[in-house]
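A short write-up of the structure that comes next.
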Amino acid sequence: MIYLKKISKIFYPKSIALKDINLHIKPKEFVSIVGQSGAGKSTMIKILTAEEKASNGNVVVGGWDITDISQKEVPVLRRQIGVVYQDFKLLQKKTVFENVAFALEVCGISNSRINQVVPQVLKIVGLKDKMDRYPQQLSGGEIQRAAIARALVHRPKILLADEPTGNLDSLNTKDIIDLLLKINEFGTTVVLVTHNKDVVNRIKKRVVLLESGKLVSDEEEGKYIL
Amino acid sequence: MLSSGSRVLKFAFQDFFRNFWLSFVTLTILVLALFSINLLIIFNLVAQASIGAIEDKVNVSVYFKPEITQDQVLAVSKNLQGLNEVKDVTYISSEQALENFKTRHQDNPEILQSIDELGKNPLGASLIVTAKVTDQYTKIMQYLAEPHYDNLIESKNFDDHRLVISRISNLMSKVNTGVVAVALVFVIIALLIIFNAIRMAIYTHKEEIMAMKLLGATNWFVQAPFLLEGIIFAILSVLLTIIIVYPLVGVIQPYVSSLLETNFNLVTYFTNNFFTIFGLELLGAILINLISSYWAVSKYVRV
């Protein structure tokens, strides 16, 4: 599903964010990428969403070599993966429904299909009753659930979650992680980027540890030990 | 493509109304800039009309000797009318001149009595000559100074007008230069203000634009609503400017008429040149909105 072959990312002039990363994530896997701040976790996500280009190496997502992806192809790539961010990135002047619908609108999906699918996805994340509210009228947990609904609505094969619980309390954190696990059970590959030790240790899935841009461990049912 | 177009339209209107205060401020700035330009147009028109009114009042009177016959005077009149510089020549007979003189001094019985005692009309006929342009009076006077007119003409009052004519000429050229310079500065300021207002409005959408791009929106899908919103801003601002300008010229008009004593009408001018004035303003507003929107959004879509 995702191949990173000897990936390096060097920011000008010589700040090394990632160095010689080799990683293979299989379909339907749940992988936690862990590490301290500045370890290169978010850079890895940015390379997978073509926000950044790798300085060296090859990147393959869903069988598509995106190493030298053109600007024209970037939107096509992004429509095939779902991304959840720590700062949610919801459109503040759009309702929950409109935010989720936007991910389908950019793909050119018809209005009738949007009206059918969006409420279903909002029901899955428990926001069906709040779909006419604006993001500022929701709690932190609800906002993140709306962001997950948006990331899922176009049924991506891969869901990238970049510190999705970073701004949430422990109760909401548990809800979000449970939701991600549920999504994974339905067959979506989930890549969770976090530095939350408790979260990683609770879910008992594959753990990839980054330190100073290098991959230092990769364990099935691993733990995050500081 | 059709649903994409309708979505772009929907997003443009949604953004306009959901960011009401931002839209209101942007629109206000646009209206103020356009209003300033119209104010300048009004000022220019009034200045030109004032100069025109003063110019119309300037003329040269040529007084003929009493013994000169009407035919001789009319022959001179014909010659003057043949000059390129002359706009109009009005003939005043010696009888009319006497009549005018008596009317002018009707409250002074001594003068009237002296005229009666003379027993004959002491006044000759005269011609009132108006030039097409104030600069051309000198040429007309040079023509009248030719030797063969010496026996016919008693006096010319050119010297009385020389100063005022020269002042008007100077004033006209200065006003024209000034108006062009002020107009240029105004237009540049208006363009910069509009450009900046649109850029600031789009800056507040920076995060949203980036989020849209991360969701897989193409540059066109992100940019188009902003460009369309720019066109909506332009149309609304010109409409509002029209709504403000018309009552304003309506209010100013009576003062201009009484001041200039001419039939120059600002409202008529704006109505007759409606499509030129507001059409150009609309075109300019759309262009500057599109350029600034495109430029500002382009900065944030590079995600």
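Every read-out reported here was derived from the displayed coordinates using simple, explicitly stated rules and does not represent laboratory data. Quantities reported herein were computed from a predicted structural model and do not represent experimental measurements. Note that we place each Cβ from the backbone using ideal geometry, even for glycine, and neighbour counts take in every protein chain shown.
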Q: Place +1 on the Cβ of every Lys and Arg and -1 on the Cβ of every Asp and Glu in region B:66-151, take the dipole about the Cα centre, and give the residue among B:Ser94, B:Ile140, B:Ile115 whose Cα lies farthest towards its positive end.
A: B:Ile140
**Q.** Rounded D (µm²/s) - region A:92-154, Kirkwood Rh over Cα pairs, Stokes-Einstein at 25 °C, 0.890 mPa s
**A.** 219
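When the helix-only estimate is applied to chain A (DSSP H runs of n ≥ 4, each -39,500 (n - 2.57), divided by the residue count), what is the mean residue ellipticity at 222 nm, nearest 500 deg cm²/dmol?
-9500 deg cm²/dmol
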**Q.** Of A:Lys6/A:Lys72; A:Lys89/A:Lys174; A:Lys14/A:Lys157; A:Lys123/B:Lys10, pairs whose Cα-Cα distance is over 32 Å
**A.** A:Lys14/A:Lys157
Q: Mind putting a number on the dipole of chain B about its Cα centre? Charges go on the C-beta only, +1 for Lys and Arg and -1 for Asp and Glu, and I need it in Debye to the nearest 20.
A: 2060
Q: Could you size up the charge dipole of region A:128-225 around its Cα centre, putting +1 on the beta carbon of Lys and Arg and -1 on that of Asp and Glu, and report it in debye to the nearest 20?
A: 260
Q | Fraction of beta bridges assigned by DSSP in the protein assembly as shown that are antiparallel (%, nearest 5) | A | 65
Q: Report P(r) for region B:223-265: all Cα-Cα distances, bin width 5 Å, range 0 to the bin holding the largest distance, values in whole percent.
A: 6, 20, 14, 13, 11, 10, 8, 7, 5, 4, 1
**Q.** Inter-label distance, nm, simple model (7 Å from Cα along the C-beta direction), B:Lys102/B:Ser114
**A.** 1.8
Q: Estimate the FRET efficiency between A:Glu185 and B:Phe24 by the formula 1/(1 + (r/R0)^6), using the beta-carbon distance for r and 45 Å for R0, to the nearest 0.05.
A: 0.35
Q: Run through every distinct alpha carbon pair of region A:18-98 and return the Kirkwood hydrodynamic radius in angstroms, one decimal place.
A: 14.6
Q | Rg/Rh (Cα only; Kirkwood hydrodynamic radius) as it applies to chain B | A | 1.28
Q: Please give the FRET efficiency for B:Lys10 paired with B:Thr271, using the beta carbon to beta carbon distance and R0 = 45 Å, rounded to the nearest 0.05.
A: 0.75
Q) Which whole number gives the average count of other chain Cβ atoms within 10 Å of the Cβ atoms across peptide B:215-225? A) 5
Q: Determine the calculated [θ] at 222 nm for chain B from helices alone, applying -39500 (n - 2.57) to every DSSP H run no shorter than 4 residues and normalising by the residue count; nearest 500 deg cm²/dmol.
A: -26000 deg cm²/dmol
Q: With unit charges on the beta carbon (Lys/Arg positive, Asp/Glu negative), name the residue among A:Gln120, A:Ile7, A:Gly63 whose Cα is farthest towards the positive pole of the charge dipole of chain A.
A: A:Gly63
**Q.** Distribution of pairwise C-alpha distances over region B:132-255, 5 Å bins, in %
**A.** 2, 7, 9, 10, 10, 9, 8, 7, 6, 6, 5, 5, 4, 3, 3, 2, 2, 1, 0, 0
Q. Hey, what's the Kirkwood Rh for the protein assembly as shown if you take every pair of different alpha carbons, in angstrom?
A. 30.2
Q | Karplus 3J(HN,Hα) series, Hz, for region A:156-162 with 6.51 cos²θ - 1.76 cosθ + 1.60 (x for Gly, Pro) | A | x, 7, 10, 10, 9, 10, 9
Q.
Can you tell me what percent of all Cα-Cα pairs in region A:144-209 are more than 19 Å apart?
A. 24
Q. In 10 Å bins starting at 0, how do the alpha-carbon pair distances of region B:41-91 split up by percent?
A. 20, 36, 24, 14, 6, 0
Q | Span from the region A:72-86 Cα centroid across to the region A:184-212 one, whole angstrom | A | 20
Q: Mind giving me the nanometre distance, one decimal, between the label points for B:Leu163 and B:Tyr91, set 7 Å out from Cα along Cα→Cβ?
A: 3.5
(Q) As I understand it, the value is the acute angle between the Cα axis of helix B:2-18 and the longest principal axis of the Cα atoms of chain B; what does it come to in degrees, rounded to 10? (A) 70
Q. If each of A:Lys28 and B:Lys139 carries a label point 7 Å out from its Cα toward its Cβ, how far apart are those two points in nm?
A. 9.9
Q | Along chain A, longest interval not containing exposed trypsin sites (Lys or Arg not before Pro), exposed being DSSP loop plus at most 10 other Cβ atoms within 10 Å | A | A:73-226
Q: Note the direction-averaged projected area, equal to a quarter of the hull surface, for the Cα convex hull of chain A, in nm².
A: 12.1
Q) Taking trypsin sites (Lys or Arg not before Pro) that fall in a DSSP loop and have at most 12 other Cβ atoms within 10 Å as cut points, what is the longest piece of chain B between them? A) B:121-301
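Grab the alpha carbons of region B:66-151, take their convex hull, and tell me the volume per residue in Å³.
Convex hull volume per residue, Cα atoms: 111 Å³.
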Q) What FRET efficiency, computed as 1/(1 + (r/R0)^6) with R0 = 35 Å and r the Cβ-Cβ distance, is obtained for B:Leu280 and B:Arg199, rounded to the nearest 0.05? A) 0.90
Q. Tell me, what are the semi-axes, in whole angstrom and largest first, of the equivalent ellipsoid of region B:256-297 as set by the roots of 5 times the Cα gyration tensor eigenvalues?
A. 36, 10, 4
Q: Please report, in debye to the nearest 20, how large the charge dipole of region B:66-151 is about its Cα centre when each Lys and Arg carries +1 at its beta carbon and each Asp and Glu carries -1 there.
A: 340
Q: Give the residue from B:Phe195, B:Ser6, B:Ala47 lying farthest towards the positive end of the charge dipole for chain B; charges sit on Cβ (+1 for Lys and Arg, -1 for Asp and Glu) and the dipole is referred to the Cα centre.
A: B:Ser6
